[in-house]
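The values are calculated or read from the model by the stated rules, or taken from the named source; none is laboratory data. Because the structure is a prediction, the values reported are computed rather than measured. Every residue, glycine as well, gets a Cβ built from its backbone with ideal geometry; the counts of neighbours run over all protein chains shown.
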Amino acid sequence: MSSVVPLPCALYSAKIPLGMEQQEGKFHPQFTEVAPYYDRLMSTVPYGMWVDYVELLLRLEDYRPTRILDCACGTGNVTFELARRGYSVDGTDLSRDMLDVAEQKREKWGWRDVRFFHQDLRTLSLPPEYDLAVCLYDSLNYILKSEELKSAFAHIAQCLLPGSLFIFDLNSEFALEAELFTQNNLWRNSDLTYDWRSRFDPITRISRVEMYFKIRQPDGAAKEFYEVHYERAYTIDEVKDLLAATGWQTLRVYDAYTTNHPSARSERWFFVAQRET
């Protein structure tokens, strides 16, 4: 596993709670400036292993999908990995900047059958032609209000055939409270350096992560930019209730990348839910 906590691919222009507004003139919106450098930043993340794990969960359910919707797909790393394994797959994301990178890779690699849609999961509208949805990289933590997460679950359900599965992950409150996003690579001799500083509010259960980046350009000049990211902690029971209210049955919840039940120190959970028939 990479020592870098994977950045989610989703960009949610969610309304930030009062008192947590971005600092004007300093921070860019999340997943805008970083988009052209995202794949370099995540170059050691084992996307193939992530898809291996998704396929393991599918085998445990004795379920073989054919048409997959990759929600919050970002630059398409998991989308293309699924396509390489023979699935028919489309991706959707709210970040136009991230999708631009995904579309450039699609043209370069010749994946003409892979489609990308510029949509928000909270208002997602696609034909009900998929038999599996995935949403990885703790992207759903970026939805900061329960009613908006409920809306995302409802709209994803509308894009799937009855009986289809939905596999997604979430960072746990333990992970956000432990401020695992506080990290840097300043000790490395790299042309891309980062310094991330997180702060968790136990009242709102929202983690604010200030991300500082420096890119060494080919001419030797340095480019610096900053983004601020927010993630909300949900409990397993809260998520189950929101799923149940939007036509989903929760089949399993796992401690991430294992087949174990979650524990109090689980950093990430994986949910397997099924759309009601």
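In region 217-225, the count of residues that are surrounded by 15 or more Cβ atoms within 10 Å (Cβ to Cβ) and either in a strand (DSSP E or B) or out of contact with any His (no Cβ under 8 Å at 6 or more places or on another chain) (or both) is one or more. Apart from one condition, Gln104 fits all of (1) without any contact (Cβ under 8 Å) to a residue 24 or more places away in the chain; (2) of a type in the set (S, T, N, Q); (3) in contact with a helix residue (DSSP H, G or I) (Cβ under 6 Å, 6 or more places away or on another chain); the exception is (3).
Among the residues of region 71-108, those identified as aliphatic (A, V, I, L, M) and in contact with a Pro (Cβ under 9 Å, 6 or more places away or on another chain) are Ala72, Val101. One residue stands out among those in region 71-86 that are touching a Leu at 6+ places or on another chain (Cβ under 7 Å) and either surrounded by fewer than 20 Cβ atoms within 10 Å (Cβ to Cβ) or not β-branched (Val, Ile, Thr) (or both): the one that is nearest to Tyr130 (Cα to Cα), which is Cys71. Would you confirm whether any residue within region 3-18 is modelled with pLDDT under 95, farther than 30 Å from Ala273 by Cα, among the aliphatic types (A, V, I, L, M) and surrounded by 13 or more Cβ atoms within 10 Å (Cβ to Cβ)? So far as region 3-18 goes, no, none of its residues is modelled with pLDDT under 95, farther than 30 Å from Ala273 by Cα, among the aliphatic types (A, V, I, L, M) and surrounded by 13 or more Cβ atoms within 10 Å (Cβ to Cβ).
Scanning region 187-216 for residues that are in a loop (DSSP other than H, G, I, E, B), surrounded by 13 or more Cβ atoms within 10 Å (Cβ to Cβ) and touching a helix residue (DSSP H, G or I) at 6+ places or on another chain (Cβ under 8 Å) turns up just one, Arg205.
In region 76-88, the residues that are of a type in the set (D, E, K, R) form Cβ pairs under 7 Å with partners that are in a helix (DSSP H, G or I) and modelled with pLDDT of 95 or more, at six or more places apart or across chains, as follows: Glu81/Gly48; Glu81/Val51; Arg85/Val51. Residues that are of a type in the set (Ser, Thr, Tyr) and buried (at least 16 other Cβ atoms within 10 Å of the Cβ) within region 89-148 comprise Thr92, Ser95, Tyr130, Tyr137, Ser139, Tyr142, listed in sequence order. If the condition is being within 25 Å of Ala157 (Cβ to Cβ) and touching an Asp or Glu at 6+ places or on another chain (Cβ under 7 Å), then region 262-277 contributes Pro262, Arg268, Trp269, Phe270, Val272. The number of residues in region 251-273 being in a strand (DSSP E or B) and touching a residue at least 24 places away in the same chain (Cβ under 8 Å) comes to 9. If you scan region 226-240, which residues turn out to be surrounded by 12 or more Cβ atoms within 10 Å (Cβ to Cβ), of a type outside the set (Lys, Arg) and over 15 Å from Asn171 (Cβ atoms)? Result: Tyr226, Glu227, Val228. Taken as a whole, the structure leaves Ser172 outside the set of residues that are surrounded by fewer than 17 Cβ atoms within 10 Å (Cβ to Cβ) and among the hydroxyl-bearing types (Ser, Thr, Tyr). Checking Ala245, Ala273, Ala233 one by one, the residue that is closer than 30 Å to Asp195 by Cβ and hydrophobic (A, V, I, L, M, F, W, C) is Ala233 and no other. Scanning region 226-248 for residues that are within 16 Å of Ile143 (Cβ to Cβ) and part of a loop (DSSP other than H, G, I, E, B), we see that the one that is farthest from the chain's Cα centre (by Cα) is Ala245.
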